[in-house]
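The values are calculated or read from the model by the stated rules, or taken from the named source; none is laboratory data. A quick note: this is a predicted structure, and the numbers were derived from the prediction, not measured. Note that we place each Cβ from the backbone using ideal geometry, even for glycine, and neighbour counts take in every protein chain shown. Calculation scope for accessible area: heavy atoms of the full protein, side chains included, ligands and nucleic acids excluded. Shrake-Rupley method; radii C 1.70, N 1.55, O 1.52, S 1.80 Å.
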Amino acid sequence: MTSLSIVMPVKNGMPFIKQTIQSVLSQDFADFELVISDDRSSDGTSDFLEGVTDPRVKLTCPPSPLKVDAHWTFVSNLSSSPYTKLLCADDVLTPGSLKRQMAALVGDPEIDVVISSRRIIDQHGLVIIEKHGRAGLTGELSGIDALRKSFLSGTNIFGEPSGLIIKTSTLKRNLPWVSKFPYMLDFELYTRLFIDSKVKFIESVDSEFRVHGNSISARESGDHFQQFISIYRQFQIRNPDLVLLNSREERQMKALTAAKTYLRSIIFKYANVITKFKKLSNFHKTEL
């Protein structure tokens, strides 16, 4: 048995999945399996995956077509190692990331989750934000304190699944993924997963989150404010004896969430403008 299962659901992952898989297989940490669930891709993803011969890669397919949340639940349950990394099919692991994150976990059985910074890139790999996430946190923290910091910050400070490694028993105990908040599918899971956990923040940039027009993040970014506040309300209903924020702090949360929702829209618009500019430039080069 390997010490780490990297699990990745995909449906029509071209062209980014090639770089995603290469970023995994080129890591200097070798004790992992990469489990890929391909839900009937029709864009060449399936043919590409069939040609991957690395023995660490295991391909599977759900028995029937699945929605996004059900597919994440399906592949999460396929993890067979003590630790799990949930990898999005269009994200990238930076060199040495697995070794750094696993070093922060192994030997400390009390740590359930390790969280790193991430880099934000566009669909061409151009850097939009060099280092993002964690809200300045480093070292060990209770999951409750980490959640409080995230709500106070008005955003998901933990980032996308690709930037975390989670103890598998903790992950499976908190399944399934829930689609009620499609833009914040991961953050909703964190609010359940972190409540009885200890997390560890490390400063390194260990993943790259790709912003592009076909991503769920781009399609749902306008709903960030409503979904974030609704997740907080849901958390308080589910945990009535645990009051994370007082009334003043709730007002702060709403103000910061509104501001960061606006900032996100700017980031996605910037990425789209850059994409259109590149397409136009390539067109003119072809014409010339």
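Values computed for the structure shown
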item: In the stretch 97-134, the residues that are modelled with pLDDT of 95 or more, closer than 24 Å to V10 by Cα and outside any strand (DSSP E or B); result: S97, L98, Q101
item: Selection count, the stretch 4-22, where residues are within 18 Å of T60 (Cα to Cα) and not aliphatic (A, V, I, L, M); result: 7
item: Selection status of G44, over 17 Å from L164 (Cα atoms) and either in contact (Cβ under 8 Å) with a residue 40 or more places away in the chain or open to solvent by less than 20 Å² (accessible area, probe 1.4 Å) (or both); result: no
item: Single match in K198, K180 (criterion: more than 22 Å from F225 (Cα to Cα) and open to solvent by 10 Å² or more (accessible area, probe 1.4 Å)); result: K198
item: From S80, S26, residue being of a type in the set (G, A, S) and either within 29 Å of S179 (Cα to Cα) or surrounded by 15 or more Cβ atoms within 10 Å (Cβ to Cβ) (or both); result: S80
item: Selection within the stretch 163-177 - in a strand (DSSP E or B) and either among the aliphatic types (A, V, I, L, M) or open to solvent by less than 30 Å² (accessible area, probe 1.4 Å) (or both); result: L164, I165, I166
item: Selection status of E160, surrounded by fewer than 19 Cβ atoms within 10 Å (Cβ to Cβ) and either charged (D, E, K, R) or under 13 Å from the mean Cα position of the chain (by Cα) (or both); result: no
